[in-house]
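Worksheet for the structure shown next.
The values are calculated or read from the model by the stated rules, or taken from the named source; none is laboratory data. Keep in mind that this is a model prediction, so the values were computed, not measured. Cβ placement follows ideal geometry from the backbone for every residue including glycine, while neighbour counts extend to all protein chains displayed.
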Amino acid sequence: MSTTYDFHGKVAIVTGGGSGIGEAAARKIADGGGMVLVADLDVENGQRVANDLADAGAFFEVNTGKAEQVEAMVANAVERFGHLDVIVNNAGIGGPQAPTGEYPLDGWQTVMDVNLNGVFYGMRYAIPEMLKRGGGSIVNIASILGSVGFANTSAYVSAKHAVVGMTKNVAIEYSAQGIRANSVGPGFIETPLVKNNLSADVLQMLEGMHPIGRLGRPEEVAALIAFLASDDASFITGSYHLVDGAYTSQ
Ligand SMILES: NC(=O)c1ccc[n+]([C@@H]2O[C@H](COP(=O)([O-])OP(=O)(O)OC[C@H]3O[C@@H](n4cnc5c(N)ncnc54)[C@H](O)[C@@H]3O)[C@@H](O)[C@H]2O)c1
């Protein structure tokens, strides 16, 4: 039986909540009694997760790379549930793989729009709502690639490093007003993002790069997200938390 964190009376938005890490985080927060707006570009999967959460869940279709859609997402959560306490800025994409000297410009822009700008928009519109409430908790999903590089993924690595830095800034700016902000750095996790885009050979190679000898599971990341989002983490803000089977210890 895994630990449940208390989210009774709390309202959370989880972007990319229709799959993988976001889905596991949405379920974990709802398990703790929270209301969750599952926000995703993928209507079918987002609705599937929200339906599973029954009265504790609702779905909102969003492209987090578009500021006006993220603004509408935050407004929808407040309209539906009355206030906002938690945002998990999780929606992300892998993007093209190419060395930097050949990296496609449109692919660079798309990755930045979703993996970096989308996180900024989430905080930009959630923070004013959290201030009205006297505080809140922001969890931004970065990656191990928020602190180390990985060949042929310059856009992803750059965006994730930036998320780690931006999170620190928000913590400095808003801690005194009750808003905590942390980033999470998962190693390679068995989600559709990884399983659908990488060959069996590459997956095996990646397993070998984690001293623990396997990839992570979405629930193992969701446990950390839920802890950071909860009041149990009341003195933790501004930090970058790895959940990586010792990948970055080497
Ligand atoms: N899986 C890993 O190995 C791994 C490792 C480190 C970090 N991460 C990060 O974790 C986060 C979640 O990844 P995952 O592995 O669960 O991926 P996933 O592909 O399983 O899920 C991502 C979800 O985000 C949604 N999404 C994508 N673009 C969107 C957009 N523009 N607007 C709204 N929703 C959008 C997708 O529809 C999907 O439901 C990402 O930020 C990713 O970079 C993943």
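Which condition number does Leu242 fail, the rest of (1) touching a Leu at 6+ places or on another chain (Cβ under 7 Å); (2) within 12 Å of the ligand (Cβ to nearest atom); (3) not in a helix (DSSP H, G or I) being met?
The one condition Leu242 does not meet is (1).
Mind listing whichever residues of segment 19-41 are within 19 Å of Arg80 (Cα to Cα), within 8 Å of the ligand (Cβ to nearest atom) and either in contact with a strand residue (DSSP E or B) (Cβ under 6 Å, 6 or more places away or on another chain) or of a type in the set (Gly, Ala, Ser) (or both)?
Passing the criteria: only Ala39.
Of all residues in segment 184-224, how many are near the ligand (Cβ under 10 Å from one of its atoms), among the aliphatic types (A, V, I, L, M) and touching a strand residue (DSSP E or B) at 6+ places or on another chain (Cβ under 8 Å)?
Total satisfying the criteria: 4.
Determine, yes or no, whether Pro99 is surrounded by fewer than 20 Cβ atoms within 10 Å (Cβ to Cβ) and either at pLDDT below 95 or touching a Pro at 6+ places or on another chain (Cβ under 7 Å) (or both).
no
Which of the residues spanning segment 1-26 are touching a residue at least 40 places away in the same chain (Cβ under 8 Å), out of contact with any Gly (no Cβ under 9 Å at 6 or more places or on another chain) and in a loop (DSSP other than H, G, I, E, B)?
Ser2, Thr3
Looking at segment 111-137, which of its residues are within 14 Å of the ligand (Cβ to nearest atom) and closer than 19 Å to Ile225 by Cα?
Hits for segment 111-137 are Asn115, Leu116, Gly118, Val119, Phe120, Gly122.
Taking Thr64 as the residue in question, decide whether it is within 20 Å of Ser137 (Cβ to Cβ) and modelled with pLDDT under 95.
no
For segment 125-213, which fully contained helices (runs of 4 or more DSSP H) count at least 1 residues that are modelled with pLDDT of 95 or more?
Because the criterion is at least 1 residues that are modelled with pLDDT of 95 or more, the helices (runs of 4 or more DSSP H) in segment 125-213 that meet it are 154-174, 200-208.
Output the residues belonging to segment 27-58 that are free of Cβ contacts under 8 Å to residues at least 60 places away in the same chain, surrounded by 23 or more Cβ atoms within 10 Å (Cβ to Cβ) and not β-branched (Val, Ile, Thr).
Of everything in segment 27-58, those that are free of Cβ contacts under 8 Å to residues at least 60 places away in the same chain, surrounded by 23 or more Cβ atoms within 10 Å (Cβ to Cβ) and not β-branched (Val, Ile, Thr) turn out to be Ala30, Gly34, Met35, Leu37, Ala39, Asp40, Gly46, Ala50, Gly57.
Quick grid of which residues meet (1) within 26 Å of Ile29 (Cα to Cα); (2) in contact with a helix residue (DSSP H, G or I) (Cβ under 6 Å, 6 or more places away or on another chain); (3) among the charged types (D, E, K, R):
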position: Asn89; (1), (2), (3): yes, yes, no
position: Gln97; (1), (2), (3): no, no, no
position: Thr100; (1), (2), (3): no, yes, no
position: Leu105; (1), (2), (3): no, no, no
position: Tyr121; (1), (2), (3): yes, yes, no
position: Ala126; (1), (2), (3): yes, yes, no
position: Gly134; (1), (2), (3): yes, no, no
position: Tyr174; (1), (2), (3): yes, no, no
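Every residue in segment 72-103 that is within 14 Å of the ligand (Cβ to nearest atom), outside any strand (DSSP E or B), within 25 Å of His8 (Cα to Cα) and touching a residue at least 40 places away in the same chain (Cβ under 8 Å), please.
Those that are within 14 Å of the ligand (Cβ to nearest atom), outside any strand (DSSP E or B), within 25 Å of His8 (Cα to Cα) and touching a residue at least 40 places away in the same chain (Cβ under 8 Å): Met73, Val74, Asn90, Ala91.
Take Ile141 and tell me if it is within 11 Å of the ligand (Cβ to nearest atom) and either among the charged types (D, E, K, R) or touching a residue at least 40 places away in the same chain (Cβ under 8 Å) (or both).
yes
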